[in-house]
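Worksheet for the structure shown next.
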Amino acid sequence: MDGQPHSDIIDQIRDIPIYRTSVEQGYFPILEKPEIARGFPENWMTPRLARALEAGEAEFVLSTGTNHARMQIIRPPYFLLKSYYRLWSEHPDIAETWHQGCRRISLTTVLATEHVARVNAKKRDGAPEAVPALGDRRLDERTVYLNLRLDPALWDRADVERMLGEIRAERNAHPLGWYHLDCSGYHLAHLVRKALAWGLWDDFPPPASVITAYEYTPANVREYLERHLGCPVVDLFGSTELGYLYYSDRGGRYHPYLDRMSLELIPVAPGSGIHHLIVTSVRNPHMPLIRYRSGDCVRTVDGSADPTRVSRFCGRVKELLPTPNGPVAQGDVDGCVTAGSPDVFLYQLHASGQEGVRLLYTTFDRRPLALSESEATAKLIGELTGLPCETEYRTHIPVGASGKHTWLVTES
């Protein structure tokens, strides 16, 4: 039966309480996030897991909660980090920077920085500092986190000079002067833009490689980074509970990375080319996920449900916009924005039911679009959604409470 786990997978999970009924019935329904949390952790507890927790081979952690409600999970220590490191070490375009011992500098949400500071404070039985020093932001001997502010648009010159100084210090520790930059595309674009605007570009040593791995990176942002940094910019797709599932090459094409995993794609609506991502994974031995709905949506090169033909990760299912033309995802709107103008940086779509949509946007050069580009963008979004669209230039679009950019706002 399509999507059902093979016998070798069933043998690995048959003693886990959450799956007992499915094993007995011979059918595994799609596993939703609320079901994972219901009765947690007893619904996952086995004698083997209890021993692993006692021995420190498994630990309780929370998912980031930046794209959905925070979910408690059980996993081996440094599960996501090890998944990242393994993929980096094997990636055809940037593996050399791993094997050359490049340090990893991470520029993403302040929540990530604060998490590392809390972990380090806990190790020394103390409380994290209000403004953690560089040493308190070091995850391991290879990775350090930079960001200390919620909204990167509000970084001031002192913030940028501090971060550039920390980048140079990490770069100078490498015999070849190389470093690896791990980021949210938005955050790195803000840093590049501010360094250029404030005459600090000569203080920004170019990275040897860049990975975007935290949220959807719009095509305009990716092109901006590639143009200014002059090195491979590759994308990783994954999650706290799963590790990494896909990587892009330097040309933007996605490739599966399905170590002890299998995938199903299910249309989000009849006839839609947007698909739910359904994952079966035993990569995490303490919390194997069988037919788990990740909450992400994808498109394939031909509209089929073939996971090997994924061409775009187009956002979160919960952020699909219902329109007269069917569900619309972030990636679909991004295609319109990119086609309308390469100068749009941040954007946010405000939807008012069937009344229409309004696209707020900022630009890389801090100037409104030309009328022709603004009208072209509105026309493309109107054709995509079947709704009238207006565009509105803004100097600032604040980030969400998670530190990630909110691209869709539904107004009552």
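The values are calculated or read from the model by the stated rules, or taken from the named source; none is laboratory data. Predicted, not measured: the structure shown is a model, and the values here were computed from it. Please note: Cβ atoms are built from the backbone with ideal geometry, for glycine as well, and neighbour counts cover all protein chains shown. Surface areas here come from the heavy atoms of the whole protein model, side chains and all, with no ligands, DNA or RNA. Shrake-Rupley method; radii C 1.70, N 1.55, O 1.52, S 1.80 Å.
A few remarks follow.
- Label-point gap, in nm, between Glu90 and Ala269 - each point 7 angstrom along Cα→Cβ: 3.8
- Separation of the Val409 and Asp249 label points, Cα + 7 Å toward Cβ, nm: 4.1
- In the stretch 325-412, the GluC sites (Glu not before Pro) that fall in loop regions by DSSP, at most 14 other Cβ within 10 Å: Glu411
- Summed over the residues of the chain and divided among them, the accessible surface reaches 44 Å² per residue at a probe radius of 1.4 Å.
- Of the chymotrypsin sites (Phe, Trp or Tyr not before Pro) found in the stretch 47-139, those in coil by DSSP whose Cβ has at most 13 other Cβ atoms within 10 Å are Tyr78.
- Entries of Lys82/Lys122; Lys194/Lys318; Lys123/Lys318; Lys33/Lys82 with Cα pairs more than 27 Å apart: Lys194/Lys318; Lys123/Lys318
- By accessible area, using a 1.4 Å probe on protein heavy atoms only, the chain has 52% of its surface on carbon and sulfur.
- Computed magnitude of the charge dipole of the stretch 212-355 (debye, nearest 20; Cβ of K, R +1, Cβ of D, E -1): 360
- Options Tyr292, Pro205, Ile266, ranked by Cα towards positive dipole end of the stretch 149-299, top entry (Cβ charges): Ile266
- Residues whose amide H lies under 5 Å from that of Ile94, counting only those 5 or more places away or on a different chain, are absent; hydrogens are built 1.01 Å from N in the peptide plane.
- Antiparallel bridge percentage (DSSP; both residues within the chain; nearest 5): 60
- Column: log10 I(q)/I(0), Debye, Cα scatterers of the stretch 291-356, q = 0.14, 0.18 Å⁻¹: -0.51, -0.81
- Rounded Å value of the spacing that divides the Cα centres of the stretch 269-323 and the stretch 197-265: 19
- Anisotropy class of the stretch 124-181 from Cα gyration tensor, a/c 1.5 cut: oblate
- Cα shape, the stretch 206-311, gyration tensor, a/c 1.5 rule: oblate
- Prolate/oblate/rounded label for the chain (Cα gyration tensor, a/c 1.5): oblate
- His286, His190, His6, ranked by accessible area, largest first (probe 1.4 Å): His6, His286, His190
- FRET E, pair Val131, Arg367, Förster distance 30 Å, beta-carbon r, rounded to 0.05: 0.30
- Gain upon complete extension [Gln25, Phe60; 0.36 nm per residue less C-alpha separation]: 9.6 nm
- Phi-derived couplings, Karplus 6.51 cos²θ - 1.76 cosθ + 1.60 at θ = phi - 60°, listed residue by residue for the stretch 95-109: 4, 4, 5, 5, 6, 7, x, 4, 6, 9, 9, 10, 10, 8, 5 Hz, with x used for Gly and Pro.
- Positive-end residue of Val119, Val409, Phe345, charge dipole of the chain with Cβ unit charges: Val119
- For the stretch 219-267, applying the loop criterion from DSSP together with a ceiling of 11 other beta carbons within 10 Å to the trypsin sites (Lys or Arg not before Pro) yields Arg253.
- Magnitude of the charge dipole, the stretch 98-200, Cβ model with Lys/Arg +1 and Asp/Glu -1, debye to 20: 160
- Selection among Ala329, Ile105, Ala52 by position relative to the dipole of the chain gives Ala52 as farthest towards the positive end (Cβ unit charges, Cα centre).
- Distance (nanometres) between label positions extended 7 Å along Cα→Cβ at Arg38 and His228: 4.8
- Cβ-Cβ FRET estimate between Arg168 and Ser311, R0 fixed at 51 Å, reported to 0.05: 0.85
- Charge dipole (debye, nearest 20) of the stretch 297-338; +1 at Cβ of Lys and Arg, -1 at Cβ of Asp and Glu: 100
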